[in-house]
1. Quick check on my filter: what residues within the stretch 307-350 are assigned to a helix (DSSP H, G or I) and of a type in the set (Gly, Ala, Ser)?
2. Determine which member of the set 226, 175, 232 is assigned to a loop (DSSP other than H, G, I, E, B) and in contact with a helix residue (DSSP H, G or I) (Cβ under 9 Å, 6 or more places away or on another chain).
3. Can you name the number of the only condition in (1) surrounded by fewer than 19 Cβ atoms within 10 Å (Cβ to Cβ); (2) within 27 Å of residue 313 (Cβ to Cβ); (3) in contact (Cβ under 8 Å) with a residue 24 or more places away in the chain; (4) not charged (D, E, K, R) that residue 195 fails?
4. Filtering the stretch 351-367 down to residues that are in a strand (DSSP E or B) and not hydrophobic (A, V, I, L, M, F, W, C), which residue is surrounded by the most Cβ atoms within 10 Å (Cβ to Cβ)?
5. Any residue in the stretch 153-171 that is more than 22 Å from the chain's Cα centre (by Cα), crowded, with 20+ Cβ neighbours inside 10 Å and among the basic types (Lys, Arg)?
6. Output the residue which, of all residues in the stretch 520-545 that are under 16 Å from residue 418 (Cβ atoms) and not in a strand (DSSP E or B), is farthest from the chain's Cα centre (by Cα).
7. Somewhere in the stretch 413-425, is a residue part of a loop (DSSP other than H, G, I, E, B), farther than 30 Å from residue 493 by Cβ and out of contact with any Lys or Arg (no Cβ under 6 Å at 6 or more places or on another chain)?
8. Give the residue that is surrounded by the most Cβ atoms within 10 Å (Cβ to Cβ), with candidates limited to residues of the stretch 199-252 that are closer than 23 Å to residue 465 by Cβ and of a type in the set (Lys, Arg).
Amino acid sequence: MNLADKNFTDRKNKRKKIRVFLQFVILAVLAYMIIIGLFILKDYRPHQQRPDVAVGDEGFIALSYFGVSRNSDAQLIGIDVLREQLAALAGQGYVTITQQDILDYYLSGKPLPKKSLFLLFEDGRTDTAIFASSVLEQLNFKATMQTYPEKFSRRDVKFLMPAQLKELERTGYWEMGTNGYRLEFINVYDRYNRFLGELDPLHYAMLSPFLGRSYNHYLMDYLRDESGNPQESYLRMKERISYDYEKLRDVYSSELGYVPRLYTLMHSNTGTFGNDNAVSAVNGYWIQNLFAMNFNREGSCFNKRNSSLYDLTRMQPQSVWPVNHLLMRIKYDTQQPVSFVSGDEARLAKWQLLAGAAEFKKETIILTSQPLATGLLKLRQALPEDLKLSVSLKGNKLGSQRLYLQADEARTHYLCVGIENNTLIINERTEAGEKNIFWLDLDQLDGIKPVSIAEDKKAAEMKALEAFARYAGSTGEAKKYLNQLNEKSLTQVPGVADGEPPYIAPISTSARGNRLVELSLQGSALTVTIDGKNAVTQLPVTRQSGGLLLEAGWSGYGWNQRNLTDDVYDGLFEKLIVTDNRSGKEETLYDGRLHGFDAAVFWCRERWNHLVSWFIQYL
């Protein structure tokens, strides 16, 4: 072996040893996390009726989470976010109540603690049990785990099995509920009103990007044809729906020894117990015979005695909600006082909160709007008329994040630079009034080429054929769909360049935004770059005097495939830096970044989290 080969081999072996060591450390940490998640070390202590029990009817709030994971994604809430949200509620004085507490409240008139929280977790996921249990133990909270008994026979490790559910019950931190026997969709159309029929969760997951709101849960309606006419008789519909309730009853009785008392009808907000009166009556019969209570609605979290045990409502906190978003929703649902979290008090002291709620968290200012309105912050420090500003705007695309420059507190005059619904807008207000002086669609700035309606419709049809082929019941059926898919792929359709109108996708309420905004204001000229790309250069503006305000604004309910509504918006202003831009000056006037030891700790934690997530995903 020559020297070069030896050096190469030594370096390779050294890297291998380092990699093995890192893998060992990561696996040890993961093992520790799983152990503390699976093993409960403290006993649950039921809440005691306290002397501040409500004299009147102050009701209770109900929160329902889809599931919990290590990190937040589009649907599952990360363990750190869950801990922050529930710890904030514990700090407000909330205690968790049980299913029996709710029954006693409605049936016997027994009072509840002033701040009562009923907590649910849906879908019966294994990761939910692992990650949520440690939070419940830490806060002495009790929750209901909801499951689909159809999952028991499949032995899918992603979902809890009966033995695990019994173990959860024994800890004292959990009791059982159900989402129904299974999850299926019927009477499904794509967004071009093309009839797709019945979809199971696998088909639905593949096709959801091309679906509208025209679909239903399998218990909510008759099976219908593409014209909307029932495909089954009343007796057949009754048998189909009753079969699922009978299976649910039998499986739970066999596997758990009882049927859970709590039910959540899927989907919510569909009328009494369905979209059709006859269907509703069948569901109503089984719900009231099998279960002691039913969560029938989603949106508001607040329940009082004037409701029914079979028409309870819950809120489903989303994975992207900061703590103050949840608290804002609770405040306006309950019409009771709430103390918002503020984070870094030293950073907060530099600002004046004019509306909404603000949390200063690490390098981010989280500004939460009031419902159907705005949140507003004013920098206390006076600023020169000429300045530079840099900030990353990380709030959702649907909504408004605005920077008011040269503004007074009442905003009778200002220069406004903002991103609203994925559009850069620049407005100014003078004695003559407010006017828009510039706007730009940021998809255009990104160079995204629009597709035509015809092209999008073709893509929707191809995705449906792909889904039906992938999950076909036989080789012959799969081959039939693959042949159709091949034929469709060869079909030529007109594009935007051919005069076909473009497909303009609605902005989803959950679509995340991340835009680096850099602006330079000098004299009567404004230059703005977005993500390093010139958006506007030397735009003429009116020179005025004033300070800096940040605004987060709700701009409509937007598009959401699920039956969810939300009227609160969070503006996320990260790494805000303001610099003096007068001639010969380069002085930093405000810096929202972390520095020194705090920055080093933050960087190490971020890198560690990324490393652990990578190992979880790929090992």
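1. 346
2. The unique qualifying residue is 232.
3. Single failed check for residue 195: (2).
4. 359
5. No, that holds for no residue.
6. 541
7. Scanning the stretch 413-425, I find no residue that is part of a loop (DSSP other than H, G, I, E, B), farther than 30 Å from residue 493 by Cβ and out of contact with any Lys or Arg (no Cβ under 6 Å at 6 or more places or on another chain), so the answer is no.
8. The qualifying residue surrounded by the most Cβ atoms within 10 Å (Cβ to Cβ) is 224.
The values are calculated or read from the model by the stated rules, or taken from the named source; none is laboratory data. Fair warning: this is a prediction, and the values are worked out from it, not measured in the lab. When we count neighbours, we look across all protein chains shown, and the Cβ atoms used for this are built from the backbone with ideal geometry, even at glycine.
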